[in-house]
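The values are calculated or read from the model by the stated rules, or taken from the named source; none is laboratory data. Quick caveat, the model's predicted, so the values are computed rather than measured. Backbone-built Cβ (ideal geometry, glycine too); neighbour counts: all protein chains shown.
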Amino acid sequence: MDVLAGDGVEILDVEQVVLHGRLELGLLIEVPEGRSTVKELLFFGWQRGVHLDFEVVDGSPQRRGAESVVTVIGTAVEPAGFGAVARAIADGGGNIDRIAQIATYPVISYELAVSGGDTEAMRRGLGAASKEHQIDLAIQPEGLFRRAKRLVVMDVDSTLIQGEVIELLASQIGVGAEVARLTAEAMSGDHDFETSLRERVALLAGATEGDLERVRGQIQLTPGARTFVRTLHRLGMKVAVVSGGFSVFTDRLKTDLGLEHAVANRLEVVDGVVTGRLEGPVVDRAGKARVLREIAESEGIPLAQTVAVGDGANDIDMLSVAGLGIAFNAKPVVSEAADTSLSVPYLDAILFLLGIRRHDVETADLISP
């Protein structure tokens, strides 16, 4: 920069990257006529052992900036997979402007800034690459709202927690197989959710408060769930759950994780015994979308700044309403309807879709455990 300053050179663009200890600095400059700037730079490089290359370009650069961001997530990202990602972007008319690694744990993740191209064409190509190479790929518009999400609303069963609570309760009282069958039909979209739920709840008649408490003790969070929620709160985001399950369990999760909102179906319990009926309206597919809208409105948050995460068919409307709908280890019908999907078993991998680096998460944990 001192050499350039002495020659009155104008800097049009600068980019720098450090890869495994090797620094690469790129400068786009306009040299006044008659100046020997190139010779001076070559001499500077010779003195200090710095390698310099030069190329003459015509006209001033026209930087549009990245219009899309492609996030790559996988337990491993091999050359063939990376090549397939680049090919999908190129075939869709896009150009990769920048690549940065944002995570090495618990999965590998890269963020690609892409300019130009047909988003839907690139999305189709990335979908094919994802299936072929077993990596998760998401493409999103770059811009303010991608990095300014303010509300995350999650499903509970098989999303925030592992498994289905209703099946745990059913197993506790000896009706596990029948309830599991009805649950599978509802989650795949083969059976009306409300009808299926009422049928399953009827089978729970006779469960006691003691049974409910034992099931509470069996609930296991999805790996990365605490890190995910803790990081969102550090960013000032609101976190909510909306569940087709039961409030007797989601209320405990709300307290344990410090969630701002928890909405679920209410089991009718009389004299300490489950009656096999529900109280109030059913939180079904349409109900989940309605709840997301109501929470966003109550918090003064535009829908464009909301994220929804779910795995079952009853989450589809909620995923469609949110600014970003994420299918998490979901059924095929859900993945096809969502903006993007994740197949890795770590809930905190969603942070990478929001442009949050793993290093920043770990640094924050060290500063304030």
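Take the residues in the range 74-102 that are among the aliphatic types (A, V, I, L, M) and within 23 Å of residue 16 (Cβ to Cβ); name whichever of them is surrounded by the most Cβ atoms within 10 Å (Cβ to Cβ). Outline the logic, then answer.
Going residue by residue through the range 74-102, those that are among the aliphatic types (A, V, I, L, M) are 76-77, 80, 84-86, 88-90, 96, 99-100, 102.
Retained after the next criterion (residues that are within 23 Å of residue 16 (Cβ to Cβ)): 86, 96, 99-100, 102.
Details: 86: 16, 96: 16, 99: 15, 100: 12, 102: 19.
Applying the filter and picking the extreme gives 102.
Please determine, by comparing only the residues of the range 353-369 that are over 23 Å from residue 113 (Cβ atoms) and not polar (S, T, N, Q), which one is surrounded by the fewest Cβ atoms within 10 Å (Cβ to Cβ).
369
With respect to residue 19, determine if the residue is surrounded by 12 or more Cβ atoms within 10 Å (Cβ to Cβ), at negative phi and outside the structural domain of residue 114 (by TED's automatic domain parsing).
Working: surrounded by 12 or more Cβ atoms within 10 Å (Cβ to Cβ): no; at negative phi: yes; outside the structural domain of residue 114 (by TED's automatic domain parsing): yes.
No, not satisfied.
Quick check: anything in the range 242-252 within 21 Å of the chain's Cα centre (by Cα) and in contact (Cβ under 8 Å) with a residue 60 or more places away in the chain? Even if it seems obvious, please write down each step before you answer.
Just the residues of the range 242-252 that are within 21 Å of the chain's Cα centre (by Cα), to begin with: 242-243.
From the residues that got through so far, the ones that are in contact (Cβ under 8 Å) with a residue 60 or more places away in the chain too are 242-243.
Checking the range 242-252: at least one residue is within 21 Å of the chain's Cα centre (by Cα) and in contact (Cβ under 8 Å) with a residue 60 or more places away in the chain.
Hey, could you check the range 128-142 for residues that are over 16 Å from the mean Cα position of the chain (by Cα) and of a type outside the set (D, E, K, R) and say which is nearest to residue 240 (Cα to Cα)? Let's see the steps before the verdict.
So in the range 128-142, the residues over 16 Å from the mean Cα position of the chain (by Cα) come out as 128-129, 131-134.
Next, from what is left, pick out any that are of a type outside the set (D, E, K, R): 128-129, 133-134.
Details: 128: 33, 129: 33, 133: 33, 134: 30 Å.
Taking the candidates together, the pick is 134.
Of everything in the range 272-293, what is among the hydrophobic types (A, V, I, L, M, F, W, C) and in a helix (DSSP H, G or I)? Give them in sequence order. I'd like the intermediate steps shown before the answer.
Step one: filter the range 272-293 for residues among the hydrophobic types (A, V, I, L, M, F, W, C), giving 273-274, 278, 282-283, 286, 289, 291-292.
Those that are among the hydrophobic types (A, V, I, L, M, F, W, C) and in a helix (DSSP H, G or I): 286, 289, 291, 292.
Which residue is farthest from the chain's Cα centre (by Cα), if the candidates are limited to the range 66-100 and must be of a type in the set (A, V, I, L, M) and in a strand (DSSP E or B)?
From the range 66-100, those of a type in the set (A, V, I, L, M) are 66, 69-70, 72-73, 76-77, 80, 84-86, 88-90, 96, 99-100; that's our starting set.
Then keep just the ones that are in a strand (DSSP E or B); that gives 69-70, 72-73, 96, 99-100.
Working: 69: 13, 70: 12, 72: 11, 73: 10, 96: 21, 99: 18, 100: 17 Å.
Top of the filtered list is 96.
Quick test for you: out of 250, 231, pick the one residue that is outside any strand (DSSP E or B), buried (at least 19 other Cβ atoms within 10 Å of the Cβ) and touching a helix residue (DSSP H, G or I) at 6+ places or on another chain (Cβ under 8 Å). Quick ask: steps written out before the conclusion?
Working: 250 fails: touching a helix residue (DSSP H, G or I) at 6+ places or on another chain (Cβ under 8 Å).
Being outside any strand (DSSP E or B), buried (at least 19 other Cβ atoms within 10 Å of the Cβ) and touching a helix residue (DSSP H, G or I) at 6+ places or on another chain (Cβ under 8 Å) holds for just one of 250, 231, which is 231.
Could you pull out the residue among 197, 169, 182 that is assigned to a helix (DSSP H, G or I) and closer than 19 Å to residue 252 by Cα?
Values: 197 fails: closer than 19 Å to residue 252 by Cα; 182 fails: closer than 19 Å to residue 252 by Cα.
Going through 197, 169, 182 in turn, just one is assigned to a helix (DSSP H, G or I) and closer than 19 Å to residue 252 by Cα: 169.
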